[in-house]
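Just so it is clear, none of the values below were taken in a lab; they were calculated from the coordinates. Small disclaimer: the values here were computed from a predicted structure and weren't measured. Reconstructed Cβ throughout: ideal geometry from the backbone, glycine too, with neighbour counts over all protein chains shown.
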Amino acid sequence: MGMDIGSTASKCVIMKNGREIAAQSVVPLGTGTSGPERSLEGVLKESGLSQEDIALTAATGYGRNSIPQAKLSFSELSCHAKGACWLFPAVRTVIDIGGQDVKALTILNGRLDQFVMNDKCAAGTGRFLEVMAHVLDKELSEMPELDARSKNRVDISSTCTVFAESEVISQLAQGVDICDLVAGIHRSVARRAASLVKRLGIIEPLFLTGGVAQNSGVVRALEKELGLTVRTDPRAQLAGAIGAALLAWEQIREEE
Ligand code: ADP
């Protein structure tokens, strides 16, 4: 079992023989909440297994050291590298956009090589998108569709989340089209991720992980910003949990 206990969401997967996902669960509540327990209960229920049936549990993420069931813990970087390689074996560069941070890493021979990250500021993260969706009175799931309808994207000039929020409120007050604002918000996230990954140096193919990968508006904006194809997977938010499960599986194999 792999558990990725993030700042914003708790993810859990059970993997069978290190090859297939037997059960998966995402609860949109992070460390310090009922999220970890609920995601654990979710996978056990889906698989019909009990904790005693699990050979080994490994945790990753911000809250990885607060999980009593986890006998192992691994860094988010190693787990995202491992999980991304499992989801998309050809991957050479990974961008992970999570709830409160953004990471970019390169992969060499299936393992983490170099990395850069921003965990100092909410701009460019899932939190930024959540704040903006709230200001616009929209659900996160509605954002890609609104973006797709934009005809005249607005440029959000503030880099800070708090100032960008004021900027969006004042644009709304001026009657700017909400679709154009959403497209501007997605571009702002894409620009931050692009500048981070450019510091690292991109090797294609590039794969996007983290919860924000579910937002096709951000994926498209990132493609435009970088001028290349950004690949992802519907299970991209589970990349860290998958990586933790695979590292636990490797540990079992080594001990055999
Ligand atoms: P962490 O590991 O830091 O807790 P995740 O990688 O799980 O974060 O990503 C959480 C973020 O994913 C949220 O802040 C949110 O912006 C985004 N997200 C989650 N579900 C969706 C969705 N259905 N559509 C778009 N964005 C989503």
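Annotations
- Both numbers refer to the Cα atoms of the chain; Rg and Dmax are 18.5, 66 Å.
- Beta bridge orientation in the chain: antiparallel %, DSSP, nearest 5: 65 percent
- The range 168-196-the range 227-256 distance, computed between alpha-carbon centres (Å): 32 Å
- Cα long-axis angle, helix 239-255 against the chain (0 to 90 degrees, to the nearest 10): 20 degrees
- 20 Å cut-off, amide nitrogen to a point 7 angstrom out along Lys45 Cα→Cβ, residues in the range 13-36: 13-15, 22-36
- Helix 161-173 and the long axis of the chain differ in direction by around 40°, with both axes built from C-alpha atoms.
- Centroid-to-centroid, using Cα positions, the range 48-90 and the range 120-143 are 27 Å apart.
- Summing Cβ point charges (Lys, Arg +1; Asp, Glu -1) relative to the Cα centre of the chain gives a dipole of roughly 580 debye.
- Gaussian network model of the chain, springs between alpha carbon atoms under 10 Å - residue of Ala55, Ala164, Ala23 with greatest fluctuation: Ala55
- Largest GNM mean-square fluctuation across Cys85, Cys12, Cys121, computed for the chain with C-alpha springs under 10 Å, falls on Cys121.
- Taking the longest Cα principal axis of the chain as reference, the axis of helix 216-226 is set at about 80 degrees.
- By definition, a body whose alpha carbon gyration tensor gives a ≥ b ≥ c is prolate when a/c is 1.5 or more and a/b is larger than b/c, and the range 184-256 fits this prolate description.
- Size descriptor, Kirkwood hydrodynamic radius, that averages inverse alpha-carbon separations across the range 89-232, Å: 15.2 Å
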